[in-house]
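Participant: Here it is: the structure, laid out below.
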Amino acid sequence: MDLQVYPTICGDCIQILQNDAVMNELIGKQQIGLCLIDPPYANMMSKKKTGADAYIHGDVATPFTNEAADLGNMERSEFLETLKKSVELMLAYMKTEGYVVVFIKDLQPHKKETNLLHSEVVNKLNEIPKLYYKGMKIWADESAKIYPYGYPFSFVANQVHQYILVFRKEKR
Ligand SMILES: C[S@@+](CC[C@H](N)C(=O)[O-])C[C@H]1O[C@@H](n2cnc3c(N)ncnc32)[C@H](O)[C@@H]1O
């Protein structure tokens, strides 16, 4: 297959997308047809582990980085707003009828918080003008380890799936 080799760049996506010179160097006059985003699942990794997770993995937090700009170190509302901002900035470089695909996982419910993160991401990104949620695929991660979380005290679901959310940029 004759695939073109593209350069990669490492840094805060907001800063990169706001830097015209860097974006010009990366893509020139080309428009993006598909943007695939695999963000941290809000601040799941930067929280100290509790319960069965702490028993299995140790009660330490495992953030991706210690940077404030790391989406994985943000509280939920800031995470959602920053993710939205990054997609809005990216959309300027994107083809009409191009697709934005987001990998995301739900968090465990807590008290009255349902923590259906995939649904919050759908609603937040759907606020962006010209971007429309089109549906999802479920990725059943067969490598995910299953534990008897909660047993024998209460039901705690294992999450062996992730959501692949599909959005499309349209004319208006
Ligand atoms: C779930 S991991 C994705 C891993 C990736 N799919 C891979 O296979 O290597 C989330 C990644 O998002 C990165 N990240 C977090 N905040 C970011 C930001 N503001 N800009 C760019 N990347 C960010 C984290 O450092 C982490 O590498």
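Participant: Got the relative contact order for the chain handy, in percent, Cα pairs under 8 Å and 6 or more residues apart?
Facilitator: Numbers: 249 pairs, mean separation 39.1, N = 172.
Contact order relative to length: 23 percent.
Participant: Could you tell me the calculated FRET efficiency between LYS130 and ALA69, based on Cβ-Cβ distance and R0 = 22 angstrom, to the nearest 0.05? List each step's numbers first, then the result.
Facilitator: Working: r = 26 Å, r/R0 = 1.18.
Working from the Cβ atoms, E equals 0.25.
Participant: Moving on. What longest range of the chain stays clear of loop-exposed chymotrypsin sites (Phe, Trp or Tyr not before Pro) (DSSP non-H/G/I/E/B, at most 16 other C-beta within 10 angstrom)? Working shown, then result.
Facilitator: Working: sites that count: PHE64, TYR93, PHE153, PHE155.
No qualifying site falls inside 1-63, the longest such stretch.
Participant: Decide, for the chain, between rounded, prolate and oblate: order the square roots of the alpha carbon gyration tensor eigenvalues as a ≥ b ≥ c, take rounded if a/c falls under 1.5, and otherwise choose prolate if a/b is larger than b/c, else oblate. It would help to have the intermediate numbers written out before the result.
Facilitator: Working: a/c = 2.04, a/b = 1.78, b/c = 1.15.
The shape class here is prolate.
Participant: Sticking with this structure for a sec: Quick check on my link table: of LYS48/LYS134; LYS112/LYS169; LYS85/LYS105; LYS124/LYS145, which ones sit more than 27 Å apart, alpha carbon to alpha carbon? The partial results should precede the final answer.
Facilitator: Values: LYS48/LYS134 35 Å; LYS112/LYS169 34 Å; LYS85/LYS105 20 Å; LYS124/LYS145 30 Å.
Beyond 27 Å between Cα atoms: LYS48/LYS134; LYS112/LYS169; LYS124/LYS145.
Participant: Can you sort LEU125, LEU26 by how many other beta carbons sit within 10 Å, fewest first? Intermediate values should be presented prior to the final figure.
Facilitator: Details: LEU125 21, LEU26 17.
Neighbour counts put them in this order, fewest first: LEU26, LEU125.
Participant: While we're on this one: Charges at C-beta only: +1 for Lys and Arg, -1 for Asp and Glu. How large is the resulting dipole of the chain about its Cα centre, in Debye rounded to 20?
Facilitator: Numbers: 20 positive and 21 negative charges, 117 e Å.
The calculated dipole for the chain is roughly 560 debye.
Participant: How far is the Cα center of the stretch 1-34 from the Cα center of the stretch 108-145, in Å?
Facilitator: First find each Cα centre; the distance between them is then 26 Å.
Participant: If you don't mind, another one. List every residue whose amide H lies under 5 Å from the amide H of ILE37, counting only residues 5 or more places away in sequence or on a different chain, with H placed 1.01 Å from N in the peptide plane.
Facilitator: Amide H to amide H, under 5 Å and 5 or more residues apart or across chains, ILE37 pairs with VAL101, VAL102, PHE103.
Participant: Compare the Cα positions of MET1, GLY33, SER77 along the charge dipole of the stretch 1-117 (+1 at Cβ of Lys, Arg; -1 at Cβ of Asp, Glu; about the Cα centre) and return the one farthest towards the positive end.
Facilitator: Projecting each Cα onto the dipole axis, the largest value belongs to SER77.
Each reported figure results from applying straightforward, stated rules to the coordinates on display, with no laboratory input. The structure presented is a predicted model; accordingly, all values stated were derived computationally and were not measured. Positions of Cβ are backbone-derived with ideal geometry, glycine not excepted, and every protein chain shown enters the neighbour counts.
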